[in-house]
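These notes concern the structure reproduced below.
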Amino acid sequence: MRAAYHPRLRSPLAGECYQQIGRTLPSAGSLYPFDIVALVSTPDRCGQAFLYSVSDGKLVPLQSRSGYQEWLRTALRVTNDGGEVPIAVVVMVHPWLSAMRYGERGIFYAFLDVGHAAANIALALKSFGLQAVVHARFCHAATVAFLGQDKFCREPVAVVTAYGDEALGSPAAESDIGPAAASPPFGTPGADERAYWNHLQSLGIIGNSFDASDAACPLTLRPPRRGNIGSPLSSVRLPPAPPLSGPSFAQFADCRESARGFADGALSTKRFTAALAAIGRRLTDDCGGGPATAVTVRMVVRNLPGMSGVFAYDPQVHCFDLVGEAPPHISFRQTCMRQNVVEHAVALILLCASAHTALSARDGAALREMHIRAGIVGQLLYLGCAQHGIGVTGIGGFDERLCAKLGLVEPPDEVIYVVAVGLADAAARDKEDRHLDAFHHRRSGSLTRAQF
């Protein structure tokens, strides 16, 4: 599937509505590195399972899963105060589809993709009046066993649960439901895929679990580490982000797309800061904002009236603090592995975390979670830009060392994801990796035991 393809997730309980999941990352085009399984509670406490088919936008009925509510209670610690949880959407990573193009670094792209998709699913469910929570901490072994996915080289890495008192809508139309799968629809992994899967397991990147959290909380971003930068030189306070609900969410989700390039033109500072305010939009997850997985936000601004330099986002007061000037000799294009798509971008949003700490501790669960959280923030930025008519694109291939220098990022933080924003150029060609050695945030294109 091409990066420009826009699939739609249809609610099995509200057939007249649809929400777009949409491929969000990285560049040039790749296959979707995740599968989506929707589970709907039935009167016998089972979970009717559907595989979302991206090719035709239909829900493919799978075998009903017994013990649905028990799985939620034991593996995710989701109880809804004793009531049932009618909907759970599982996002399963399929890293081989990303690895075929991007090698071993493709697993990190896949985790970012999962964060984008999980955020969009949660916002879609919220737009129906439901309470939605993104879960990254749960018992993976129990979830794999519950879904019967132990043979297909796929791993559930995010679950979105939803419940509420609002009417859930009418049953899905027959046109939304495809024929039941006569056999497992996931296919049998080949020898190369199985070897890659075993390699990821040996590194601890998959096949591990965080303990499920007892309480969900609003998505937490960590305040910036000041280091030796000192007090901010000035601050840019962001306006409150307007809510995305009902028809407005469908509208902005449907028009959201990755910009193929940016025009060298004027962009309103007011519109720009209004789009950035989406970072503060409330989206609930179960990660707890711990220091091991927390994400910080840096912004490098160029060519914006009255606003220039490196800014650090302070979530406690919802503003960007100016912390210094970006090195003038480092261009956006250099930073992003000579990709022309960013040449005229107004700003680069740098999402940072202590990835090296997780790597040193061989903490694959923390490494996975920080990328999912960065993907969630990236999706909020995507929707904020779509809401205000600003071009945006996610960049997975970048030079981490140049990014750190450009954004004045200090250890132990490092950049794990880059989002470019600006005035979209409708005439731009498809974006592409200009440098064959483009990699994610690691310093080589391959992971080894010594690095993890």
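The values are calculated or read from the model by the stated rules, or taken from the named source; none is laboratory data. As the structure is a prediction and not an experimental result, all values here were calculated from the model. Neighbour counts run over all protein chains shown; Cβ positions are idealised from the backbone, glycine included.
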- Query: Can you tell me which residue in the stretch 420-431 is modelled with the highest pLDDT, limited to those that are surrounded by fewer than 24 Cβ atoms within 10 Å (Cβ to Cβ) and touching a helix residue (DSSP H, G or I) at 6+ places or on another chain (Cβ under 8 Å)?
  - Reply: 428
- Whichever residue in the stretch 374-413 is out of contact with any strand residue (DSSP E or B) (no Cβ under 7 Å at 6 or more places or on another chain) and among the acidic types (Asp, Glu) and, among such residues, is nearest to residue 119 (Cα to Cα): 399
- Mind checking whether some residue in the stretch 114-128 is modelled with pLDDT of 80 or more and more than 20 Å from residue 377 (Cα to Cα)? yes
- Task: Go through the stretch 79-119 and count every residue that is closer than 27 Å to residue 193 by Cβ and in a helix (DSSP H, G or I).
- Result: 24
- Taking the stretch 364-377 as the region of interest, how many residues are within 11 Å of the chain's Cα centre (by Cα) and surrounded by fewer than 24 Cβ atoms within 10 Å (Cβ to Cβ)? 0
- Query: Which of the residues spanning the stretch 51-69 are within 15 Å of residue 92 (Cβ to Cβ), out of contact with any Cys (no Cβ under 9 Å at 6 or more places or on another chain), in contact (Cβ under 8 Å) with a residue 60 or more places away in the chain and in a strand (DSSP E or B)?
  - Reply: 51, 53, 60
- With 358, 345, 312 as the choices, which residue is in the same structural domain as residue 260 (by TED's automatic domain parsing), of a type in the set (A, V, I, L, M) and at pLDDT below 90? 358
- Query: Which condition does residue 291 not pass, out of (1) surrounded by fewer than 16 Cβ atoms within 10 Å (Cβ to Cβ); (2) farther than 26 Å from residue 158 by Cβ; (3) at pLDDT below 90, if it passes all the others?
  - Reply: (2)
